[in-house]
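The values are calculated or read from the model by the stated rules, or taken from the named source; none is laboratory data. Values in this document were obtained by computation on a predicted structure and should not be read as measured data. Backbone-built Cβ (ideal geometry, glycine too); neighbour counts: all protein chains shown. Surface accessibility is based on the protein's heavy atoms, side chains included, excluding ligands, DNA and RNA. Shrake-Rupley method; radii C 1.70, N 1.55, O 1.52, S 1.80 Å.
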Amino acid sequence: MADPLLSVAERLAPAFAAVAGAACDPVVRPTDRADAQANGALALAKSLGMQPREVAQKVLDAAGDLSDMLASVEIAGPGFINLVFTDDFLAAQTVTSLESSTLGVHASPSPHTITIDYSSPNVAKEMHVGHLRSTVIGDALARVLSFVGHNVVRENHIGDWGTPFGMLIEHLIDLGEDNAANELSMGDLNGFYKEARRKFEESEEFKTRARHRVVMLQGGDAETLQYWRTLVNESTRYFNKVYSQLGVLLNDADLMGESAYNDLLAEVVQRLNKAGVLETNDGADVVFADGFTNRDNEPLPLIIRKGDGGYNYATTDLACVIDHVERVGAKASLYVVGAPQAQHFQMIEAVSRKAGFLPDDCSINHIQFGSVLGADRKMFKSRSGDNVKLAELLDEAVERAAAAVAEKNPDMSAEDRAAVARMVGIGAVKYSDLASDRIKDYIFDWDRMLAFEGNTAPYMQYAHARICSIFRRAGIDRASVRSAQLQIADPRERALAFRILRFDAAVWEMVDTLSPHKLCTYLFDLASDFTSFYEHCPVLKAESDDVRLSRLLLCDATARTIAQGLALLGIESPEQM
RNA sequence: GCGCUGGUAGCUUAAUGGAUAGAGCAUCUGACUACGGAUCAGAAGGUUGGGGGUUCAAGUCCCUCCCAGCGCGCCA
């Protein structure tokens, strides 16, 4: 563990325990009045019936000599203990943490298997901005959970089953399989879907065929299944193109379409029945969970099997719970799905518990996120009122980034510029999606996103590129400075080293809250601390070789931390831009 | 009607119950023979939607009201 706050909390805990007579959290927090602050005495004072400052003093008496770690310990205000680390302690900790492959981030003390369901586009439908958030947030969480040692199982629940496939397959047959595959591979998924939909609505004959086709599909008719596979394969090939462009981890091995749960659906019904929770209501098989009511304040059921005998997405999701617990061995299941589905997931969890599908030591966690809005604060749409195609949006981001790179760095080769533009453009889109609390809606604004100032990916990428430039210009191998002595003299050097040590805490805040914006905030602070250091502390022209080496060490450490932090968010760090 | 989620500076936003609510953009003032100015230093900008309450301590917890968005049985 690199975080100095954790180190000092560990050091103070026995002293607090001695005073309290039981285990007691020192409550070490960041503060702008010192490096850290222990607030535990305030809470403790009440239960001990003592003055908080008196408690704080007793704790410090019990703690003994802390001078190897702390330069200053002060009781302040009502009973805060303000803590300032020694420069030597920070320097030594920094050097130690930089030797670890995780840059000081401690591993999970209880690693386990976690499933994470994200992206989930629909077959034969275009990916749009609605999928952006799930894909980007899910990917960042998958990366960070894996980084701290969990066994992460990614699942992409593509919509590859259900009634729309009747009309889609019939439309495919009308077009001819080759023509249809060609159309789909061109990425014109919306046109295909809309045309199928139009025919379904306008033609009774087509509608009849479509309904019949659904029955054949669910009955396992070989020819129908072949058409279905064509639809799925062409679509996933297109999804993979988008994923590649976006730079996310998802691949074919992560595909877990709704169809994958088909064989479990009947079993779900059987098990619910066996558990004695299944009821019949208005011709449907349902489960009532406590606390859910409809408009008329009557109990609201979760429909497991529709009146026509068909299953729906609740059935699939329950099958998924069983699959996660029993096959995958997951202790936690994360579903990165928009906020409007909150009640659905609450009901899935409630029914899963009630039926015994979900043991007490297993959890379901709906990773909710708000909507992407346009400048008018309504759902983000194109001028024509359609969903904005994700692929086109990403292309535009890269084009805009390319223009900016061409302007700022005209000497760069076209090849390098294309690569950098992709990292910067895609990074900007991803970062803007991750940088604010995921529960809130955010306004998609090209100007703000691509104004490469403030809390944006390019600001951090720029700091990274400048560091690379220092080493490149001086012809110094970055790895060669890692054994240097770190000297902390200037306040900016100190602030930077301290910030680097806090990477551990930042990563864990993201893990604990499953909120990527926590890490974004940290990286912005880190980049800000670096640029301030960079302006005020000459590196290559430092006053002595020792200082120069020490500062090169800090530069390298900063670049590694920025690159690692951005990588955990799924964002690349170019060496020049 | 019931439920969920938001409401913080002109705009975008941060803040594990802790002291003086922290940033960025825009605005204003400074700093360029620049280790990459896609920068830095500074100023100004807040009754944290209103009102009660709990607490040594509330943007944060509870109650209530207002505003906005979303959800509320056979779509996913």
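When you filter the trypsin sites (Lys or Arg not before Pro) in region A:494-563 for DSSP loop state and at most 16 other Cβ atoms inside 10 Å of their Cβ, you are left with A:541. Between the helical axis of A:313-322 and the longest alpha-carbon principal axis of chain A there is an angle of about 50 degrees. With the charge dipole of chain A set up from +1 on Lys and Arg Cβ and -1 on Asp and Glu Cβ about the Cα centre, the Cα lying farthest toward the positive end among the listed residues A:464, A:552, A:176 is that of A:552.
Candidate cross-link partners of residue A:430 among the aspartates and glutamates, defined by an alpha-carbon separation under 16 Å and a same-chain spacing of 8 or more, comprise A:139, A:392, A:395, A:396, A:399, A:441, A:445, A:447, A:453, A:572.
With all protein chains in place and a 1.4 Å probe, the accessible surface of chain A carries 47 percent carbon and sulfur. Rounded if a/c is under 1.5, else prolate if a/b is larger than b/c, else oblate: which is chain A, with a ≥ b ≥ c the root eigenvalues of its Cα gyration tensor? Oblate, because a/c is 1.5 or more while a/b does not exceed b/c. Between residue A:384 and residue A:294, the contour length at 0.36 nm per residue exceeds the alpha carbon distance by 28.9 nm.
At most 14 other Cβ atoms within 10 Å and a DSSP loop assignment: could you name the GluC sites (Glu not before Pro) in region A:1-76 that fit?
none
I'd like the FRET efficiency for residue A:392 and residue A:445, computed as 1/(1 + (r/R0)^6) with the beta carbon distance as r and R0 of 25 Å, rounded to 0.05. Plugging the Cβ-Cβ distance into 1/(1 + (r/R0)^6) gives 0.90. The simple Förster model, with R0 at 35 Å and r as the Cβ-Cβ distance, assigns residue A:194 and residue A:221 a FRET efficiency of 0.85.
Think of a 1.4 Å ball rolled over the protein heavy atoms: chain A then has 45 Å² of accessible area per residue. Counting charges near residue A:540 (Lys, Arg +1; Asp, Glu -1) among other residues having Cβ under 10 Å from its Cβ returns a value of +4.
Taking the Cβ-Cβ separation of residue A:68 and residue A:101 as r and a Förster radius of 22 Å, what is the calculated FRET efficiency to the nearest 0.05? Efficiency computed from Cβ-Cβ geometry: 0.25.
Only Lys, Arg, Asp and Glu count, each charged at its Cβ (+1, +1, -1, -1), so figure out the dipole size of region A:4-85 about its Cα centre, rounded to 20 debye.
Values: 6 positive and 9 negative charges, 57 e Å.
Result for region A:4-85 is approximately 280 debye, rounded to the nearest 20.
Per-residue extension of 0.36 nm, minus the Cα-Cα distance of residue A:88 and residue A:263, leaves a gain of 56.8 nm for this segment. When the helices of chain A are scored as -39500 (n - 2.57) per DSSP H run of n ≥ 4 and the total is divided over every residue, the value at 222 nm lands at -17500 deg cm²/dmol. Of A:513, A:563, A:432, which is farthest on the positive side of the dipole of region A:390-568, counting Cα position, with +1 on Lys and Arg Cβ, -1 on Asp and Glu Cβ, and the Cα centre as origin? Value computed over the given set: A:563. The angle separating the long axis of helix A:516-536 from the principal Cα axis of greatest extent in chain A is about 40 degrees.
For chain A, a crude dipole built from +1 on the beta carbon of Lys and Arg and -1 on the beta carbon of Asp and Glu, taken about the Cα centre, is about 620 debye to the nearest 20.
Full extension of the segment from residue A:274 to residue A:532, taken as 0.36 nm per residue of separation minus the current Cα-Cα distance, would add 86.3 nm.
On a straight-distance basis, which lysines could pair with residue A:274 in a cross-link, Cα separation under 16 angstrom, same-chain partners fewer than 8 positions away excluded? Once the sequence-local lysines are set aside, what remains near residue A:274 is A:354. Relative to the longest principal axis of the Cα atoms of chain A, the long axis of helix A:164-175 lies at roughly 70 degrees. Hand me the trypsin sites (Lys or Arg not before Pro) from region A:1-86 located in a DSSP loop with no more than 16 other Cβ atoms within 10 Å, in residue order please. Within region A:1-86, the qualifying trypsin sites (Lys or Arg not before Pro) (loop, at most 16 other Cβ atoms within 10 Å) are A:33. In terms of packing, defined here as the mean over residues of other Cβ atoms within 10 angstrom, the peptides A:388-394, A:38-44 line up highest first as A:38-44, A:388-394.
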